[in-house]
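The values are calculated or read from the model by the stated rules, or taken from the named source; none is laboratory data. Here the structure is a predicted model, which means the values were calculated and not measured. In this analysis, Cβ positions are derived from the backbone assuming ideal geometry, glycine residues included, and neighbour counts consider all displayed protein chains. Note: accessible area is taken over every heavy atom of the protein model, side chains too, but ligands, DNA and RNA are not part of it. Shrake-Rupley method; radii C 1.70, N 1.55, O 1.52, S 1.80 Å.
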Amino acid sequence: MMRLPPFRYLAPRTAAEAARMLADNGPEAMAVAGGTDLFPNMKRRQFTPTVLVSLRGLPHAARISANGGLTLGAMATLTDVAQHPAVSLRWPAVARAAGLVSSPPLRNAGTMGGNLCVDTRCNYYNQSEFWRASIGYCMKKDGDICLVAPGSKICWALSSSDTAPVMMTLGAEVTLVGSAGERRIPVAALYGPDGIQYLAKKTDEVLTEIHVPDRAGWSMTYRKLRRRGSIDFPILGVAAAARLGTGRVVEDVRIVLGAVHTAPVPATDAEAFLRGKVLGAETIEMAAGIAYKPAHPLDNADLSYAWRKRMARIEVARALRELAGLPTGELPPVV
Ligand SMILES: Cc1cc2nc3c(=O)[nH]c(=O)nc-3n(C[C@H](O)[C@H](O)[C@H](O)COP(=O)(O)OP(=O)(O)OC[C@H]3O[C@@H](n4cnc5c(N)ncnc54)[C@H](O)[C@@H]3O)c2cc1C
Ligand code: SF4
């Protein structure tokens, strides 16, 4: 059995106090929300903080408000978001992505803030300490080289959040509270340049709120690829949102790919191609052929990377067909 290492547990009453505790304890400290990602990672010694700063006691941390735009407290659970009537009605892709994370017990504990900050993943890293020691570790933790791309100076562990690509397609922003004050940045700016420093936020900053604009008049979806229908992290996520005018003319569109890089990847060339065109079967095929190009999966996740790359094209096409109200070409589930 893998056990948690000893740690000191701090219970701040405000976000500013949490930020101060993180700043005072430096690299020894980490924030913890639901713990569904952090605790398994600590058991595997991927993270070894000696101080945990709990975000449970922060005021209004779990609130969900859908007046005009949507405001989600960072501690809102994935279950609460997935099952919230206004979220399901007005931001269905948010509810869908939250509802596709992992399994019901983990969605009951796991939070939206934790989901946006979830660690990057790699087959050579998400292993027990014993397993990683047997191959000499890799540079994300305790080693010197990348075992997937040995010449690489950066880590290629994959961004594996289900909700981050959706938040990016909807132009969502997050509030961060740090020891130097509060700021609001786009979700797209939350992610850093490599799989180790995967968050661009400062280490003493606590994510307190997620702000999603009103998207009345937009269609949106999230599609997730994984080996099993539950529990598994995405090996590909496709989030798409579009505002269609008369005759299904694309007035605006956003497509973001998840689990193909160290951060979610916007398919900007495909978006530019689609604007002003009718969202029909032929345009969709052409757009999907452009959209999958920025996906560069490596051999560090489940199933073959060549197949994952091919599926990016297929899943983008299916997502766009959903937005256009066209059949996706999938077989109905066996009941
Ligand atoms: C078996 C299994 C399957 C899983 N499957 C999926 C999946 O399919 N899709 C998916 O997206 N995730 C998956 N997860 C990961 C995890 O359950 C979710 O991402 C969950 O939403 C994480 O939220 P949490 O509150 O538990 O985060 P925690 O574990 O508490 O924290 C995760 C990270 O975020 C930081 N953090 C958390 N909240 C904040 C905040 N408010 N401000 C600043 N930093 C913060 C923590 O310091 C930590 O680094 C899975 C986990 C397990 C164990
Ligand atoms: S991509 Fe390379 S450095 Fe990053 S976790 Fe995997 S093996 Fe380690």
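In table form, for the structure just shown:
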item: Crossing angle, helix 15-25 versus the chain [Cα axis fit, 0-90 degrees, rounded to tens]; result: 50 degrees
item: Dimensionless Rg over Rh [the chain; C-alpha; Kirkwood]; result: 0.97
item: Sum of side-chain charges, residue 171 neighbourhood, beta-carbon under 13 Å (Lys, Arg +1; Asp, Glu -1); result: 0
item: Residue 145 accessible area, assembled protein chains, probe 1.4 Å, Å²; result: 80 Å²
item: Sulfur and carbon atoms: percent of accessible area, the range 55-161 [1.4 Å]; result: 57 percent
item: Using a Förster distance of 22 Å, the FRET efficiency for residue 131-residue 48 (Cβ separation, nearest 0.05); result: 0.85
item: Within a Gaussian network of the chain (alpha carbon springs, distance under 10 Å), most fluctuating of 81, 101, 32; result: 32
item: Long-range amide H partners of residue 178 with built H, under 5 Å; result: 183, 206
item: Formal net charge of residues neighbouring residue 250 (Cβ-Cβ distance under 12 Å; K, R +1; D, E -1); result: +2
item: Portion, in percent, of the accessible area of the range 188-335 that falls on carbon or sulfur, probe 1.4 Å; result: 57 percent
item: The range 212-274 - accessible surface per residue (Å², probe 1.4 Å); result: 37 Å²
item: Gyration tensor over alpha-carbon atoms, the range 87-243, equivalent ellipsoid semi-axes in Å; result: 29, 20, 14
item: Degrees between helix 305-324 axis and first principal axis of the chain (Cα, 0 to 90, nearest 10); result: 60 degrees
item: Mean residue ellipticity (222 nm) of the chain, computed from DSSP H runs ≥ 4 via -39,500 (n - 2.57), nearest 500; result: -8000 deg cm²/dmol
item: FRET efficiency estimate (nearest 0.05) - Cβ-Cβ, residue 106 to residue 328, R0 22 angstrom; result: 0.20
item: Helix axis angle, 281-291 relative to the chain longest principal axis, alpha carbon, degrees; result: 30 degrees
item: Rounded accessible area per residue of the range 81-178, 1.4 Å, Å²; result: 38 Å²
item: Contact order relative to length of the chain, as percent, for alpha carbon pairs under 8 angstrom and 6 or more apart; result: 15 percent
